[in-house]
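> Before I ask anything, here is the structure I am working with.
The values are calculated or read from the model by the stated rules, or taken from the named source; none is laboratory data. What you see is a predicted model, and the numbers here were worked out from it, not measured in a lab. We place every Cβ from the backbone using ideal geometry, glycine too, and count neighbours over all the protein chains shown. With ligands, DNA and RNA removed, areas are computed over all heavy atoms of the protein, side chains included. Shrake-Rupley method; radii C 1.70, N 1.55, O 1.52, S 1.80 Å.
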Amino acid sequence: MTSRLITRIAPDVGWLPVSFSNVYFIGRPGGKWVLIDAGLPGWAAEIFSAAEARFGAGSRPEAIVLSHGHIDHAGSALALAELWDVPIYVHHLELPFLTGKSLYPPADPTVGGATAFLSRFLPVLRRNFGDRVRELHQHKIPGAIGWQWLSTPGHSPGHICFFRSSDRILLTGDALVSVDMDSWNGLLTAKPKLSGPPAPFTIDWQSARSSLKELANLRPNVVGCGHGVPISDSDLPERLEKFARRFRAPRRGRYVRQPARTNQNGIVDLPPAPLDPVPFATAAGLFCVGLALGAGYLDEKKRR
Ligand SMILES: [Zn+2]
Ligand SMILES: [Zn+2]
């Protein structure tokens, strides 16, 4: 099997796109290393063989650390944790969603845009990583010296980003992405563009905005996002600062005026679901198609 190759975005930071999500490898061959995020379900073998190509056969990370537990970042985490026999670390506010206690607050398809449209068709599954998953402590990342994690809620309750101040490299998960997932053009062409968190899965827009400002204040030299290509342009700090300053919540949407509230047990309180006209429009469309086909069938019968 020819394995996909990890691209270096710093001497000891590797990037591997798997489907439309990214995973990152922190560490050098021969030393300790950590996997950041784990892509969609079904990518464990790809990630595993890419890691063997970079770190050597039989090598395994100290841990898998997740920016958050959404399916496109945690999908292959359990399979990899079992292959390598290592723990998965998350912020404690993500734990209820990965230990079978609670579902994530539901996606908001009414917020508008491409991913919102597609979110209607995604399965909602309860996931339980059992005792593989653990809570991150302090701001250290096990196995990644010189790195810290910072709490960046808004997209999800316990979302975190990863930062190393010595070379100002920042891994952002979904708090900041470098492709516009709300536009069909952005989604299909993957054209690089600083963008806010994927809208239909963002449950607290005020916090998401504060988190973006905090990331801009770090003035990173390199940004590796959860979706889209990593960015290292020389004007990145200024662009990010401007982007965060101008960032606004969408005009409408379930979580725009009122956030979803969650705690260590999961969902506490949700704003009411707005009326979503699309399923009705689709049902009405199918009904009309059915009527037309039915009428044609009857005509056919009459003619016989
Ligand atoms: Zn997410
Ligand atoms: Zn994502």
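> Sticking with the crude label model, points 7 Å out along Cα→Cβ, report the distance from residue 52 to residue 269 in nm, one decimal please.
Result for the modelled spin labels: 5.2 nm.
> If you place +1 on the Cβ of every Lys and Arg, -1 on the Cβ of every Asp and Glu, and leave all else neutral, what size is the dipole of region 51-125 about its Cα centre, to the nearest 20 Debye? Walk me through the numbers before you get to the answer.
Details: 4 positive and 7 negative charges, 28 e Å.
Dipole size: approximately 140 debye.
> Within region 84-139, list the trypsin sites (Lys or Arg not before Pro) lying in a DSSP loop whose Cβ has at most 15 other Cβ atoms in a 10 Å radius. Write down the numbers at each step before the final one.
On the way: sites: 101, 120, 126, 127, 132, 134; in loops: 101, 120, 126, 127.
For trypsin sites (Lys or Arg not before Pro) across region 84-139 that sit outside H, G, I, E and B with at most 15 neighbouring Cβ atoms in 10 Å, the list reads 101, 120, 126.
> Cα gyration tensor of the chain, axes a ≥ b ≥ c as square roots of the eigenvalues: rounded (a/c below 1.5), prolate (a/b > b/c) or oblate?
prolate
> Could you give the size of the charge dipole of region 1-160 about its Cα centre, using +1 on the Cβ of each K and R and -1 on the Cβ of each D and E, expressed in debye and rounded to the nearest 20? Intermediate values should be presented prior to the final figure.
On the way: 13 positive and 12 negative charges, 16 e Å.
Dipole size: approximately 80 debye.
> How high is the relative contact order of the chain, in percent, with contacts defined as C-alpha pairs under 8 Å that are six or more residues apart?
Relative contact order of the chain: 15 percent.
> Where the centroid of each part is defined by its Cα atoms, how far is region 166-226 from region 14-89 in Å?
Cα centroid to Cα centroid, the span is 21 Å.
> Residues with beta-carbon under 15 Å from that of residue 196, excluding residue 196: net charge, scoring Lys, Arg +1 and Asp, Glu -1?
Values: positive: 193, 209, 213, 239, 242, 245, 246, 248, 251; negative: 108, 174, 180, 182, 204, 214, 241.
That sum, taken over residues with Cβ under 15 Å, equals +2.
> Separate question: Subtracting the Cα-Cα distance from 0.36 nm times the residue separation, let me have the gained length for residue 138 to residue 185 in nm, one decimal. Numbers along the way, then the final one.
Numbers: separation 47, 0.36 × 47 = 16.92 nm, distance 4.02 nm.
Working it through step by step, the gained length comes to 12.9 nm.
> Roughly how big is the chain's charge dipole about its Cα centre, with Cβ charges of +1 (Lys, Arg) and -1 (Asp, Glu), in debye to the nearest 20?
660
> Provide 270, 218, 98, 275 ordered by accessible surface of protein heavy atoms (probe 1.4 Å), highest first.
275, 270, 218, 98
> What percentage of the solvent-accessible surface of region 60-204, computed with a 1.4 Å probe over protein heavy atoms, is contributed by carbon and sulfur atoms?
After summing per-atom areas, the C and S share lands at 57 percent.
> Next question, about the same structure. Around residue 178, under 10 Å between beta carbons, what's the net of Lys plus Arg minus Asp minus Glu among the other residues?
Here the charged neighbours net out to +1.
> In the neighborhood of residue 22, defined by Cβ-to-Cβ distances under 13 Å, what is the net charge if each Lys or Arg adds +1 and each Asp or Glu adds -1?
Net local charge, residue 22 excluded: -3.
> Heavy-atom accessible area per residue, region 143-258, 1.4 Å probe: how many Å²?
On the way: 5050 Å² over 116 residues.
Ligands and nucleic acids excluded, the figure is 44 Å² per residue.
> Further question: Relative to the present Cα-Cα distance, how much length would full extension add between residue 217 and residue 165 at 0.36 nm per residue of separation?
Between residue 217 and residue 165, full extension yields an extra 17.5 nm.
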